[in-house]
1. Could you give the alpha-carbon Rg of segment 1-127 over 2.2 N^0.38 Å, rounded to two decimals?
2. Ala306 to Ile259: extension gain in nm, 0.36 nm per residue of separation minus the Cα-Cα distance?
3. Taking +1 at the Cβ of each Lys and Arg and -1 at the Cβ of each Asp and Glu, which of Phe131, Ala385, Leu202 sits farthest along the dipole of the chain towards its positive end, judged by Cα position relative to the Cα centre?
4. For the chain, set up a Gaussian network in which alpha carbons nearer than 10 Å are linked by springs, and say which option among Gly228, Gly265, Gly166 fluctuates the most.
5. Percent of Cα-Cα pairs per 10 Å bin, from 0 to the last occupied bin, for segment 65-186, please list those.
6. At 7 Å along Cα-to-Cβ for each site, give me the label-to-label distance between Leu40 and Ala128 in nm.
7. Which whole-number percent gives the relative contact order of segment 184-234, counting Cα pairs below 8 Å spaced six or more residues apart?
8. Among 42-53, 121-132, 241-252, how do they line up from the highest to the lowest mean number of other beta-carbon atoms within 10 Å?
Amino acid sequence: METALVINCGSSSLKIAVFDGTLQRVASALAERLGSEEALARVNGTLSVILPSGASHGDALRRIVDSFRQQGILDRTPTVIGHRVVHGGEAFRQASRIDAQVAGAIADCAELAPLHNPVNQLGIEAAAALFPDVPQVAVFDTAFHQTLPERAYLYAIPMRLYEQWGVRRYGFHGTSHSYMASRTAEILGKSLEETSLISAHLGNGCSITAISRGKSVDTSMGLTPLEGLVMGTRSGDVDPGLFDFLKGKGLDAEEVHRILNNESGLLGISGETNDMRHLGELAAQGHRRADLAIKIFCFRLAKYIAAMTASLTELDALVFTGGIGENSAQVRARTVSHLRLLGFAVDDQRNARRGEDGRAIHSDRSRFPILVVPTDEERVIAREALAIARN
Ligand code: AMP
């Protein structure tokens, strides 16, 4: 029986999932606050695993694998280990088996994602130490977007910045957008090669992608995951002139980075929280800035949906996913209300229904179908890792 162990390392967190050969999820675990005194792991949502104070990603991985074994979840070594790797630069157009050369290329990309790639490397090293004979596969957030045409990935800045340093739009959340494309094709009963969609991944990080006949042709995140939509704590697009302005006020690059990445977005506008569910509750109680944050989030998203139509000649569906996209009927309705001129329309009753995977929420008069499709990035990583291991 095949099993894939999926590892997703964040700066202080570690998500692990086990899938069987038919891509059924067998178990999941989450370790948080790694490196701190309060490091803690949860297996299958409930069972808590106490981690030593200051536990590393490697410590957490070992304890979680032990716990899986004790529960009979992982009684043999896995067939393959799939890692989420945030940045693959231009070196990776698809998932790749990790050997010395691939590991070196991932390290080279760390310059483009200094907060992410080094922790992804930690995960790879910890897994290799624990399972030295198991093949490891890197699945890149950027790979799906390597089909972007030049007109979409180049910025209007001197070409030497691209040629010397690789300054271009890479795009992220590729695993999720790629899953949206194949799942939407399945729902519509078409092949991937004949399916075109706009995929809106709205979680704590948010991005939107135009997918033409199964291929990514434009996306909102850029050189880094800061560009584009309003997010939980990230600003998305701002005037680049802001950097000069803030420098004039005495702020250095590090402070500006912190403001735009950690103190902006829904949190910055509302002054209360980056959590959309909480914002919805506050707005319902009359909190003006919470309502303003939701308003700006939806308006910016609608502008980007309209912008994505410039890259498409046909559209089979607008698809919402991620914690916000799957759960907030209010965000979906408010966003689509800005898109009347393009012919998008939501049906309030269908939009309010919950649960069902791949449900349609558009009204009968909508020019295009609008779907809600739960994403499952870990499952895509398992699928790609198993496919490579079988070859
Ligand atoms: P993710 O990063 O995909 O887990 O998404 C996290 C975001 O989804 C947070 O802003 C949550 O508040 C939001 N979210 C989750 N459930 C709901 C809900 N029922 N209504 C509104 N937002 C939600």
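Readers should treat all values here as calculations from the given coordinates under stated rules, not as data from a laboratory. None of these values were measured; they are calculated from a predicted model. In this analysis, Cβ positions are derived from the backbone assuming ideal geometry, glycine residues included, and neighbour counts consider all displayed protein chains.
1. Working: Rg = 14.8 Å, N = 127, 2.2 N^0.38 = 13.9 Å.
After normalising by residue count via 2.2 N^0.38 Å, the value is 1.06.
2. Working: separation 47, 0.36 × 47 = 16.92 nm, distance 2.80 nm.
Answer, rounded to one decimal: 14.1 nm.
3. Going by the Cα projections, it comes out as Leu202.
4. Gly166
5. Whole-percent P(r) values from 0 Å outward: 12, 36, 30, 16, 4, 1.
6. 3.4 nm
7. Numbers: 78 pairs, mean separation 14.3, N = 51.
Result for segment 184-234 is 28 percent.
8. Numbers: 42-53: 13.1, 121-132: 17.2, 241-252: 11.0.
Per-residue Cβ counts within 10 Å, averaged per peptide and sorted highest first, yield 121-132, 42-53, 241-252.
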